[in-house]
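Asker: Starting off with a structure, shown below.
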Amino acid sequence: MAFNSIQYLLFLPAIFILYYLLPSKYRWKLLLAASVCFYLLLSIKFIILLAIAITVNFFCAIKSENTTDSSKKSMYLHIAIWSSALILCIFKYYNFFVDSAAQLANSMGAHFSPILLNVAIPIGISFYTFQIIGYSLDVYYGVSKAEKNIGIFSLYIVFFPKLLAGPIEQSQNLLPQLHKKQEFNYDRITSGIKLIAWGLFKKVCIADRLTFFVDMTFDSSIEHTGFQSIIGCYFLVFMIYADFSGYSDIAVGSARLFGFELIKNFNRPFTSQNLTAFWKRWHISLYAWFNEYVYNPLAFNFRNWKLWGIVSAILITLTLSGLWHGAAWTFILYGILHGFGLTTEYLLTPFRTKLKQKLPAIFYKYLSILITFHFFYFTVIVFHANTVHDAFTIIKSFLQVSPTQIGWYLFGDNKIEFILAISFILILFTMEFWQSKTDTYLSFHLKLPIAVRWSAYALFVLTVVYFGYFKTNEFVYAQF
Amino acid sequence: MNEIILRLTPIMHRIFEDSTIIVTPNLTAKDIEKWTSMTNAIFIAEIEKEFAFKFHFRDVMNLKNIGDLISVIEKKIA
């Protein structure tokens, strides 16, 4: 049941009404049942993996907390982490690594026929596995208390708004909220509905519209002009942003209907002046996870290597974060490129500081934003391409640009769609700029007269219904 | 506590390249521009050298401010 499906638009209000009709002590049970049904409707056979991961981590965390013996604490942590990680590795990475090893062996003259698994990747496995591992580490390090109610703990893992593609919730944020009594709060609920509507606009009006142009750009059977490829790759950046930030808005908005505040996953990433800032604004929950549970322990262990310790920790962390997206060399290369980008940026800090002092502030700011954006632009081509070779073919085609290619014939018969896509992207960034001037997300319009506000709502809904694509295209990150 | 602050001050001035930093128990990483997750590891290594002990990762994972750090150092050198 995708967020942009009719089923979800019926499922969500139904659960919402039942939730507030029930006495508060039963509400979390309703959400748990709804979340399990939500997952079962998508994947019956893989629910057992989810149940194993939840059960093992729940009991190991309690055992770890109850013992003062550090070797036993460590043993329970290892059981919890490796049981979850093993499931992830088998289902998501086994075929890739075995197949890569076989190709390497065969290229060196050895004959090796690997036994590959013929199974699909369990839905949401990367997201819930990371959340579970984060929880076990938090309990081990004493950051969080072990949850004693297996029902509440299960809900923390399977809560349907964030089960399939995050945000990856830290235990300190969501678990305490699940224990609180949630009252009906009109303002919170309406802000949730607006966020869902805004997320849907991003998905169905922008991301799904751009998919057409992006697919055309990445279709190797079509010959492209340089200009088409360049524009197509800009559309790719905006498509992924609209798709995933749209998904995250619907997730946060849906959770808000039930009184819960999930982590904000995006914060105007394209205004970042450097990569370090970019990774604090793009897929925030994933990179916070990698920072907390991978980079920090690595940097700590490598601390005596000084500069090289930091460089190694960054490179390993970013490579793993690339691999997290999927078992493919494109994702690994994407992570490595960002690792090199971040380390280069770190090593060039003295030079950047000098440059900042010499150049006019406004020029330095926009130059930094442009460089950061275009670094991401090139890496995202690698991220999206089927193979590393395809990515380089597209980048090479950029050189075949000539002024005669520029014009309204750009995408043949799809001029109207092209103009609509550009218009909606402009609306998206104008709204984001406008909302950045206020403290609360999507609340900038509340001071407008009521007639203007409601007219704007009506116009917005009509725009989404009329111009949206409702073919239930899958969200990009739901595949991971 | 004062003696630890006196010994931490030159380390922080050097690592975070800011000689105006006034070290107090309430000081946090957010208050110092160059106190990032990158410089933090070097800062930890310098403290270990200055006070001649080794941290465990668990010791530094939950630190909220300089006051927490001082408490850990006090325990380690006691």
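Asker: Which condition number does residue A:310 fail, the rest of (1) open to solvent by less than 10 Å² (accessible area, probe 1.4 Å); (2) at pLDDT 95 or above being met?
Answerer: Just one mismatch for residue A:310, condition (2).
Asker: Determine which single condition residue A:215 fails, assuming it passes every other condition in (1) in a helix (DSSP H, G or I); (2) touching a helix residue (DSSP H, G or I) at 6+ places or on another chain (Cβ under 6 Å).
Answerer: It fails just one condition, (2).
Every residue, every condition in (1) exposed (fewer than 11 other Cβ atoms within 10 Å of the Cβ); (2) modelled with pLDDT of 85 or more; (3) outside the structural domain of residue A:320 (by TED's automatic domain parsing), yes or no:
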{"residue": "A:88", "(1), (2), (3)": "no, yes, yes"}
{"residue": "A:93", "(1), (2), (3)": "no, yes, yes"}
{"residue": "A:99", "(1), (2), (3)": "no, no, yes"}
{"residue": "A:105", "(1), (2), (3)": "no, no, yes"}
{"residue": "A:108", "(1), (2), (3)": "yes, no, yes"}
{"residue": "A:113", "(1), (2), (3)": "yes, no, yes"}
{"residue": "A:118", "(1), (2), (3)": "yes, no, yes"}
{"residue": "A:121", "(1), (2), (3)": "no, no, yes"}
{"residue": "A:126", "(1), (2), (3)": "no, yes, yes"}
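Asker: Please verify whether residue A:304 is within 14 Å of another protein chain (Cβ to nearest Cβ), under 30 Å from residue A:94 (Cα atoms), touching a helix residue (DSSP H, G or I) at 6+ places or on another chain (Cβ under 9 Å) and assigned to a helix (DSSP H, G or I), treating the condition exactly as stated. Quick ask: steps written out before the conclusion?
Answerer: Numbers: within 14 Å of another protein chain (Cβ to nearest Cβ): yes; under 30 Å from residue A:94 (Cα atoms): no; touching a helix residue (DSSP H, G or I) at 6+ places or on another chain (Cβ under 9 Å): yes; assigned to a helix (DSSP H, G or I): yes.
Here the answer is no, as residue A:304 does not meet what is asked.
Asker: Every residue in the stretch B:12-58 that is open to solvent by 90 Å² or more (accessible area, probe 1.4 Å) and under 16 Å from residue B:73 (Cα atoms), please.
Answerer: Narrowing the stretch B:12-58 to residues open to solvent by 90 Å² or more (accessible area, probe 1.4 Å): B:14, B:17, B:19-20, B:22, B:26, B:30-31, B:33, B:49, B:54, B:56, B:58.
B:26, B:49, B:54, B:56, B:58, listed by residue number.
Asker: Test each condition in (1) touching a Lys or Arg at 6+ places or on another chain (Cβ under 7 Å); (2) assigned to a helix (DSSP H, G or I); (3) open to solvent by 20 Å² or more (accessible area, probe 1.4 Å) for residue A:64 and report the one that comes out false.
Answerer: (3)
Asker: When you look at residue A:312, is it of a type in the set (Ser, Thr, Tyr) and under 21 Å from residue A:200 (Cα atoms), yes or no? I'd like the intermediate steps shown before the answer.
Answerer: On the way: of a type in the set (Ser, Thr, Tyr): yes; under 21 Å from residue A:200 (Cα atoms): no.
Against the criterion (of a type in the set (Ser, Thr, Tyr) and under 21 Å from residue A:200 (Cα atoms)), residue A:312 does not qualify.
Asker: A further question follows. Go through the stretch A:67-84 and give me each residue that's open to solvent by less than 40 Å² (accessible area, probe 1.4 Å) and either part of a loop (DSSP other than H, G, I, E, B) or over 20 Å from residue A:146 (Cα atoms) (or both).
Answerer: A:67
Asker: Related question: State all residues of the stretch A:456-480 that are at pLDDT 75 or above and open to solvent by less than 70 Å² (accessible area, probe 1.4 Å); if no residue qualifies, say none.
Answerer: A:456, A:457, A:458, A:460, A:463, A:464, A:467, A:468, A:469
Asker: Name every residue in the stretch A:119-135 that is more than 14 Å from chain B (Cβ to nearest Cβ) and in a helix (DSSP H, G or I), in order of residue number. Talk me through it step by step, then tell me what you get.
Answerer: Within the stretch A:119-135, the first condition is being more than 14 Å from chain B (Cβ to nearest Cβ), and the residues that meet it are A:119-133, A:135.
The answer is A:125, A:126, A:127, A:128, A:129, A:130, A:131, A:132, A:133, A:135.
Asker: Let me ask something else about it. Condition first: basic (Lys, Arg) and either within 22 Å of the chain's Cα centre (by Cα) or not in a loop (DSSP other than H, G, I, E, B) (or both). Now tell me which residues in the stretch A:1-56 satisfy that. Give the steps one after another, and end with the answer.
Answerer: Initial filter on the stretch A:1-56 (basic (Lys, Arg)): A:25, A:27, A:29, A:45.
The answer is A:25, A:27, A:29.
Asker: For residues that are of a type in the set (S, T, N, Q) and open to solvent by less than 80 Å² (accessible area, probe 1.4 Å), scanning just the stretch A:344-360, find the one that is farthest from residue A:318 (Cα to Cα).
Answerer: The selected residue is A:353.
Asker: Please determine whether any residue of the stretch A:278-290 is away from every other protein chain (no Cβ under 13 Å) and touching an Asp or Glu at 6+ places or on another chain (Cβ under 6 Å).
Answerer: no
Asker: What number of residues within the stretch A:142-196 are among the acidic types (Asp, Glu) and open to solvent by 30 Å² or more (accessible area, probe 1.4 Å)? Talk me through it step by step, then tell me what you get.
Answerer: Residues of the stretch A:142-196 that are among the acidic types (Asp, Glu), as a first pass: A:147, A:169, A:183, A:187.
Applying the additional criterion that residues be open to solvent by 30 Å² or more (accessible area, probe 1.4 Å) yields A:183, A:187.
Adding up the residues that qualify gives 2.
Asker: Restricting to helices (runs of 4 or more DSSP H) lying wholly in the stretch B:1-63: which have 2 or more residues that are away from chain A (no Cβ under 13 Å)? Step through it out loud before you land on a result.
Answerer: Details: elements: B:2-15, B:37-51, B:57-61.
Output list reads B:2-15, B:37-51.
Asker: Out of A:323, A:367, A:315, which single residue is part of a helix (DSSP H, G or I), within 13 Å of chain B (Cβ to nearest Cβ) and of a type in the set (A, V, I, L, M)? First the steps, then the outcome.
Answerer: Working: A:323 fails: within 13 Å of chain B (Cβ to nearest Cβ); A:367 fails: within 13 Å of chain B (Cβ to nearest Cβ).
Matching residue, one of A:323, A:367, A:315: A:315.
Asker: Between residues in the stretch A:136-151 that are more than 14 Å from chain B (Cβ to nearest Cβ) and residues that are among the aromatic types (Phe, Trp, Tyr) and open to solvent by 50 Å² or more (accessible area, probe 1.4 Å), which pairs lie under 8 Å by C-beta distance while being six or more apart or on different chains?
Answerer: A:151/A:28
Asker: Now for a different question. Against the condition in a loop (DSSP other than H, G, I, E, B), more than 14 Å from chain B (Cβ to nearest Cβ), open to solvent by 30 Å² or more (accessible area, probe 1.4 Å) and over 18 Å from residue A:396 (Cα atoms), how does residue A:264 come out, does it pass? Explain how you work it out, then say what you get.
Answerer: Working: in a loop (DSSP other than H, G, I, E, B): yes; more than 14 Å from chain B (Cβ to nearest Cβ): yes; open to solvent by 30 Å² or more (accessible area, probe 1.4 Å): yes; over 18 Å from residue A:396 (Cα atoms): yes.
Against the criterion (in a loop (DSSP other than H, G, I, E, B), more than 14 Å from chain B (Cβ to nearest Cβ), open to solvent by 30 Å² or more (accessible area, probe 1.4 Å) and over 18 Å from residue A:396 (Cα atoms)), residue A:264 qualifies.
Asker: Quick one: which residue in A:280, A:306, A:356 is within 22 Å of residue B:48 (Cβ to Cβ) and not aromatic (Phe, Trp, Tyr)? Give the derivation first.
Answerer: Details: A:280 fails: within 22 Å of residue B:48 (Cβ to Cβ); A:356 fails: within 22 Å of residue B:48 (Cβ to Cβ).
One residue alone meets the criteria, A:306.
The values are calculated or read from the model by the stated rules, or taken from the named source; none is laboratory data. Computed from a predicted structure; not experimentally measured. FYI the Cβ positions are ideal-geometry reconstructions off the backbone, even for glycines, and counts take in every protein chain you see. Just so you know, the surface numbers come from the protein's heavy atoms only, side chains and all, with ligands and any DNA or RNA stripped out. Shrake-Rupley method; radii C 1.70, N 1.55, O 1.52, S 1.80 Å.
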